[in-house]
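All remarks here apply to the structure that follows.
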Amino acid sequence: MAIDLKSLNIEETEELILSLGIEKYRAKQIFEWVSKGADSFDEMTNISKKHRELLADACYISSAEPAEIYRSKLDGTVKILCRFRDGEHAECVALPYEHGISACISTQAGCKMGCSFCASTKAGFSRNLVPGEMLSQIHILNKELRKTNPNLTVNHIVLMGIGEPLDNYDNTLKFLRLVNDPKGLNIGMRNISLSTCGLVDKIERLAKENLQLTLSVSLHAPTNDIRSKLMPVNNKYCVEELIEACKKYIAVTGRRISFEYSLISGVNDSRYCAEKLAELLSGMLCHVNLIPVNTIKERSFAPSERRNIYAFSSVLEKAKINVTVRRTMGADINAACGQLRAKKL
Ligand code: SAH
């Protein structure tokens, strides 16, 4: 039983059910059930029992069990360690903002990228997640949120959980199209951010998809020297190649890029780094998010001091580069991704 119904779009669902002798128009109904989080065929009350049995014999609906659930007392952040059918784990987080609820979703069980400050990579890479497993993370978050308020629903998505989304390109793109479907969760592409450590070939491929999502690029350093020490991916695609790909991306899509920059005390937070960064991004349609690095148990990096963060930010502002200093959320529940999975393993 290899077919995951939750990973299929409407056309593929049609194809499947036609092969089972179920009328084609039922595909939309089934797709709606699955997209909205039905975990069993029995929930599909407008589908006959006979057809539900045929479906149950031919496929399964991927789902995630909450292995651990945490709620921040500070800001309402909810974090869930999900366990999938084969026992693999990944994390997802719901972050309440003024404009709604943003879900931070994992795209892989583990990560191969090896960034030195990141907990996700520490516990190693197991496998890619399929689209249905990414969708299940939203379902599980919605379910948990609704325990306190039935009106709460995830309406923004950031692919910033465990894993490198562009290293699991096809599954990630399929997931984006599934959540975007008006018959599904109907979450607009403009409400979705995809974060990458900088896989240049995949950024070029993504540009051609011409989606209205926000591309976030984890830059974290303006020079190859520093970036290669923090992020092994820089040995494959250097800063110059990455920025070139970002410029092309902007030219093709017309969309502003977000650069993520985690400030690590004494490593990438000097005035020199700020000036180099300003030079690098000068004239680009972009935004810089500065965030003090989250200290994780496994690593010794410390976040920059407040005054260094503001000094860094003011250098960028003076160079007319859009910049925001981000607050950390869910600090009391290990909300930085990868920490729960690492602990579990
Ligand atoms: N693989 C993707 C998405 C996952 S990480 C990427 O690299 O972008 C999401 C973001 O959190 C990235 O910007 C990543 O660099 C950052 N990050 C990872 N560990 C962190 C930590 N300990 N403190 C602050 N940011 C961190």
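Within region 1-45, the residues that satisfy the criterion of being in a loop (DSSP other than H, G, I, E, B) and open to solvent by 70 Å² or more (accessible area, probe 1.4 Å) are MET1, ALA2, GLU23, LYS24, TYR25, LYS36, THR45. Taking the criterion of being among the charged types (D, E, K, R) and modelled with pLDDT under 95, the residues of region 145-169 that qualify are ARG146, LYS147. Of all residues in region 71-84, exactly one satisfies the criterion of being open to solvent by 40 Å² or more (accessible area, probe 1.4 Å) and either within 20 Å of VAL179 (Cβ to Cβ) or at pLDDT 95 or above (or both), namely ARG83. Scanning region 116-131 for residues that are surrounded by fewer than 22 Cβ atoms within 10 Å (Cβ to Cβ) and either closer than 30 Å to SER300 by Cβ or away from the ligand (no atom under 15 Å from the Cβ) (or both) yields SER116, PHE117, LYS122, ALA123, GLY124, PHE125, SER126, ARG127, VAL130. Which condition number in (1) buried (at least 18 other Cβ atoms within 10 Å of the Cβ); (2) under 13 Å from ILE105 (Cα atoms); (3) in contact with a strand residue (DSSP E or B) (Cβ under 8 Å, 6 or more places away or on another chain) is the one that ASP167 fails? ASP167 satisfies every listed condition except (2). The single residue among LEU135, LEU166 that is touching a Leu at 6+ places or on another chain (Cβ under 7 Å), part of a helix (DSSP H, G or I) and without any contact (Cβ under 8 Å) to a residue 60 or more places away in the chain turns out to be LEU166.
Taking the conditions exactly as written (away from the ligand (no atom under 16 Å from the Cβ), crowded, with 23+ Cβ neighbours inside 10 Å and in contact (Cβ under 8 Å) with a residue 60 or more places away in the chain), does LEU145 satisfy them or not? For LEU145, the condition - away from the ligand (no atom under 16 Å from the Cβ), crowded, with 23+ Cβ neighbours inside 10 Å and in contact (Cβ under 8 Å) with a residue 60 or more places away in the chain - is not met. Give the residues of region 229-254 that are among the polar types (S, T, N, Q) and buried (at least 16 other Cβ atoms within 10 Å of the Cβ), sorted by residue number. ASN234, THR253, listed by residue number. Is it fair to say ALA109 is modelled with pLDDT of 95 or more and buried (at least 19 other Cβ atoms within 10 Å of the Cβ)? Yes, satisfied. Only one entry in LEU178, LEU206, LEU159 is touching a Pro at 6+ places or on another chain (Cβ under 9 Å) and either under 23 Å from GLU11 (Cα atoms) or aromatic (Phe, Trp, Tyr) (or both), namely LEU178. As a summary of the residue check, GLN212 satisfies the conditions (1) in contact (Cβ under 8 Å) with a residue 40 or more places away in the chain; (2) assigned to a loop (DSSP other than H, G, I, E, B); (3) within 14 Å of the ligand (Cβ to nearest atom) except for the one numbered (3). A Cβ distance below 9 Å, combined with a sequence gap of six or more or placement on separate chains, defines the contacts here; from region 93-115, residues that are charged (D, E, K, R) reach residues that are surrounded by fewer than 24 Cβ atoms within 10 Å (Cβ to Cβ) and at pLDDT 95 or above in the pairs LYS112/PHE125; LYS112/ASP167.
The values are calculated or read from the model by the stated rules, or taken from the named source; none is laboratory data. As the structure is a computational prediction, the values presented were derived from the model and not from experiment. With ideal geometry, Cβ positions are generated from the backbone for all residues, glycine too; neighbour counts draw on all protein chains shown. Keep in mind that these areas ignore ligands, DNA and RNA; they rest on the heavy atoms of the full protein, side chains included. Shrake-Rupley method; radii C 1.70, N 1.55, O 1.52, S 1.80 Å.
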